[in-house]
Structure formats: C-alpha cells, structure tokens
Amino acid sequence: MEKSVVEKAKAHFAALIEDQFERIEQMKTVKDFVDYDNLDKIIIGVVGGDGIGPFITKQAQRVLEFLLKEDVKKGRVEFKVIDGLTIENRAKCKQAIPDDILEELKKCHVILKGPTTTPRAGDQWPNIESANVAMRKELDLFANVRPVKVPEENIDWIFFRENTEGAYALGSDGIRVNDDLAVDFTVATYEGSYRIIKAAFDYAKKSGMNKVTVVTKANVVKTTDGLFLDIAKDISKDYPEVEWDDWYIDIMTAKLVDEKRRSQFKVMVLPNLYGDILTDEAAEFQGGVGTAGSANLGKKYAMFEAIHGSAPRMVKEGRAKYADPSSIIRAAGMLLDHIGYTDKAHRLQMALDICGDYEKKLVLTGRDNGATGAEFADYLMETIRDDNIENKWKEFTD
Ligand code: IPM
Ligand code: MG
C-alpha cells in the first residue's frame, strides 16, 4: 500500500475529529429551549421546497392563516415565505442550502417545510447533501419527533429520533480510500445523546405515558450505540416514575409487526439511522408515510415537515394540484402545538382525522377523479368552524 494513501486518509479523519469537537462546543453554548410565550412576535417561515412541495405547503399556510387570523392581525404572528430552496437553485449554487436562504431561515422562529429532493449518485443533480439533513445540522434540530397513532389497534407511539448525529453526521464525509476500500463514520457525542434521551424521558413524564424504550444495536455497534445506551441508563435514574427498557433494532423492527406486543410501546428513543427506518415502518400502520407529520426540534429553532417525497412525476404530469396536503398540514398542527396554540392544534388534528379517515366527504386520489388539495383544505377549515366537531371526533375515536 502506498504510504501517501494512508496518510491522506489519516489527515481526513483528523479533520473530522476536530470538526466534531467544534460541534460539541457549539452544542454546549445553547442551554435552554426558547420560551415562545415570552416573544412579542413569532415568525413562521414557509418553505415550499420541490415538486409538489409548494402546492401542498400553500394549503397548509392557508389553514394556518385561517387559524391564526386574529394573532396575525395583532402582529403577534408573522408569516415569511422563503423561496429558492429548490433542487435547481441548490444545484446551481452547489450548496445543500444556499447561504442567502440559510440567512432567511435563521430569521424565523419556526419553519414549515415542504419536501425537498435529495440528490443521489447517478441522477441528473450534483451529489450535494440533502437539504433536510443540512437544515437539521445547520439549525441544530436534534430531536426528530414522529407520532404514530392507530386508535382502533391501541397504537399510540411517539418516536424521538436523534437527528444530527449517528450515520448522518458525516454521511457526506466518508473516505473512498482507494478502489479497494471505502469507510463511513458514525458519531455519538455525550452532549448529543444526552439531550435527545432526556427529551424523550421528559416527554414520557409530562405526557403521563411514563414508558420509554431505548433502541440501539449496542451488542454489535459497541462504541457509539454503547455510549447511547449507557447514557440512557444514567438518565433513567432521574425518572423513577418512568418505566424503561431497551431493545435491539432488529427485534424491535419485528415487534412492531407483532399485534400482541406492539401496543406496549409508547415513547421510543433511538439513534438517527434506526429512527429513520423504524419511523417509516411505523407510519405504514397508520396509512403510510404520507399521513405522518414530523417535528424537528432544537433549542433555538424548530422545523416541521411532511415526511413523504417531492413527487416530481405528479408535477410533470400536471397533477400537482391533486397532491394530498394531509402530511404537511399535520406538521402544521404540530407547529401550532409547539408554539403554544394547543387548542387550535387539537382542533386541526380532529379535523384531519374526521376529513381524512372518518367522514371522507372529499377523497384525494392524486388525480382529477379526486379532490384538489385546495378543496381538501377548504373542507378542513369548514370542519374546524363546525361547532359539532368534538362530537364527530368522539364518534370516530370511540
Ligand atoms: C426522513 C427522510 C430523510 C432522512 C431523507 C430525505 C434524507 O427519509 O426525513 O426520514 O433520511 O432523514
Ligand atoms: Mg426517512
């Protein structure tokens, strides 16, 4: 082996380690979560993204504007539409998030984001990092919170996926050492693991669920997952009222399909890649990834998104206006809840359940034989206005 090849790989590794130490210092500088009640004005950024993104995000914005009408008038809430987080623009700038857009994002307190195309080797785009992943890192959105509910099967899960570390931290910084050897890295830091596990335990306690399941593969991935599990053991001692257990990701994936066992799980906390995979599986029981919303929470910023893709084919075939906005509107509901509009968020969630799963006066098919996203949003707003909404929802959930 040529010595220079090894030396080059060592230097690459050394630079990565230095970057991670810098990141750790950065993490330590932000101590507390923003208190939205103390802000005079909350700025909600609206980022359409790619493909069907701008179409469905527009509908979510309409619903939010409807619910927040009074507070917008009073100047307590302001919407800020941020264009340009498109794959064409990102490809042109060769940046996952172009600098000027990142600057705009940082002027918002919370962000509602449509799907963004993730380039991969061999497609027509330069192989830049995913805008999702970059936004999570840049705004330090460390907690990816994904609820999944199937009331008729007693499923009430909430996943706390670590969102900035694991296999994703250096996902675009592996080393193709030479033609024979490629190495990727996975990262766990004390600070990064601690804050996500603590968030999961806090949630379990606050919600009264009082049950946390920690998912790793610490029997094989001993160093990073081992650290994650050790920290969980320590944190659990501060929560005597919260019952906890730990499972390996392989058997956990199987147990979610086990109808006799799966309703025992409540709050789950897991490293990034396992969380990515397990939450797609979980969402499938609820009706597919298109039905799930996702919150990406940091101490300073928060971003809420649909978890499905940008469906460029629908746009090409002229069907974008028939795209289902449910997932991004669910995300908008999580946003409302996060910034303190709990009642409005609840009303929106009820309307989504009623319109999408129960009453179904309008059905979205993704084609012109179904409703448009705008018609569906109108239907939701009409349901929100309905004084009978609570009763309807109870009929559905009982
Ligand atoms: C998700 C997505 C992203 C991820 C992709 C688009 C990079 O699958 O939000 O789960 O892997 O995190
Ligand atoms: Mg995913």
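Read-outs: derived from the displayed coordinates by stated rules, not from any lab. Fair warning: this is a prediction, and the values are worked out from it, not measured in the lab. Every residue, glycine among them, receives a Cβ derived from its backbone with ideal geometry; neighbour counts consider all protein chains shown.
For region 81-137, the share of alpha carbon pairs falling in successive 10 Å distance bins from zero is 23, 59, 16, 2 percent.
In order along region 256-264, the phi-based Karplus estimate (6.51 cos²θ - 1.76 cosθ + 1.60, θ = phi - 60°) of 3J(HN,Hα) comes to 5, 8, 7, 4, 7, 9, 5, 6, 6 Hz; Gly and Pro are listed as x.
Two decimals is fine: what's Rg over Rh for region 307-398, C-alpha atoms, Kirkwood radius as Rh? Mind dumping the intermediate values first?
On the way: Rg = 14.0 Å, Rh = 13.9 Å.
Ratio of gyration radius to Kirkwood radius for region 307-398: 1.01.
Taking only the Cα atoms of region 1-120, the ratio Rg/Rh comes out at 1.14, with Rh defined as the Kirkwood radius. The order of Ile354, Ile128, going from fewest to most other C-beta atoms within 10 Å of their C-beta, is Ile128, Ile354. Here's the list of lysines a cross-link from Lys58 could span, going by alpha-carbon distance under 18 Å and ignoring same-chain residues fewer than 8 apart: Lys69, Lys80, Lys113, Lys321. Applied to region 63-76, the Karplus parametrisation 6.51 cos²θ - 1.76 cosθ + 1.60 on θ = phi - 60° returns per-residue 3J(HN,Hα) values of 5, 4, 4, 5, 6, 9, 2, 4, 6, 5, 4, 6, x, 7 Hz, with x for Gly and Pro. Residues with beta-carbon under 14 Å from that of Val77, excluding Val77: net charge, scoring Lys, Arg +1 and Asp, Glu -1? Net of charged neighbours comes to +1. A Gaussian network model of the chain, with springs between Cα atoms under 10 Å, assigns the largest mean-square fluctuation among Asn272, Asn369, Asn127 to Asn369. The mean of 1/r over all pairs of different alpha-carbon atoms in region 192-290, once inverted, gives a Kirkwood hydrodynamic radius of 13.8 Å. Annotation: region 247-303 has a Kirkwood hydrodynamic radius of 12.7 angstrom, from the mean reciprocal C-alpha pair distance.
Taking the Cα centre of region 348-398 as origin and assigning +1 to Lys and Arg Cβ atoms and -1 to Asp and Glu Cβ atoms, the resulting dipole is close to 140 debye.
Could you grab the relative contact order for the chain? Cα pairs under 8 Å, six or more apart, rounded to a whole percent. List each step's numbers first, then the result.
Working: 726 pairs, mean separation 76.2, N = 398.
19 percent.
Rounded to whole numbers, the Karplus 3J(HN,Hα) couplings from phi for region 371-377 are 6, 8, x, 5, 5, 5, 5 Hz, using 6.51 cos²θ - 1.76 cosθ + 1.60 with θ = phi - 60°, and x at Gly and Pro.
Based only on other Cβ atoms within 10 Å, what is the fewest-to-most ordering of Met252, Met268? Intermediate values should be presented prior to the final figure.
Working: Met252 21, Met268 26.
Final ranking by Cβ density, sparse to dense: Met252, Met268.
Where the eigenvalues come from the Cα gyration tensor of the chain, what are the semi-axes √(5λ) of the equivalent ellipsoid, largest first, in whole Å?
In descending order the semi-axes read 34, 26, 21 Å.
Remark: the Asn210-Lys41 segment gains 57.4 nm on full extension, using 0.36 nm per residue and subtracting the alpha carbon distance.
I'm a student and want to see the number: the projected area of the Cα convex hull of region 323-362, averaged over all directions, in nm². Provide the component values of the computation, followed by the final result.
On the way: hull surface 10.8 nm².
The orientation-averaged projected area of the Cα hull of region 323-362 comes to 2.7 nm².
For Lys360, the aspartates and glutamates whose Cα comes closer than 16 Å to its Cα, not counting residues fewer than 8 places off in the same chain, are Asp324, Glu375, Asp378, Glu382, Asp386, Glu395.
Excluding residues on the same chain fewer than 8 positions from Lys266, give the lysines whose Cα lies under 16 Å from its Cα. Within the straight-line cut-off, Lys266 pairs with Lys149, Lys198, Lys205, Lys206, Lys211, Lys255. Exposure proxy shown here: for His109, His12, the number of other Cβ atoms within 10 Å sets the order, fewest to most, as His12, His109.
Each principal axis of the Cα atoms in region 52-105 has its own extent, and those three values, largest first, are 41, 24, 10 angstrom. When the chain is treated as a Gaussian network with alpha carbon springs shorter than 10 Å, the biggest mean-square fluctuation among Gln349, Gln95, Gln124 belongs to Gln124.
Averaging over all projection directions, the Cα-based convex hull of region 232-372 occupies 11.6 nm² in the image plane. Which angle from 0 to 90°, rounded to the nearest 10, does the C-alpha axis of helix 342-353 make with the longest principal axis of the chain? Its long axis makes an angle of about 80 degrees.
Output the Kirkwood hydrodynamic radius of region 102-196, Cα pairs only, in Å rounded to one decimal. Intermediate values should be presented prior to the final figure.
Values: mean 1/r = 0.0621 Å⁻¹.
About 16.1 Å for region 102-196.
Dipole of region 247-398 computed with +1 at Lys/Arg Cβ and -1 at Asp/Glu Cβ about the Cα centre; of Tyr274, Met252, Ala351, farthest Cα towards the positive end is Tyr274.
What is the dipole size for the chain, taken about its Cα centre, with +1 at each Lys and Arg Cβ and -1 at each Asp and Glu Cβ, in debye to the nearest 20?
Details: 56 positive and 68 negative charges, 88 e Å.
I would put it at about 420 debye.
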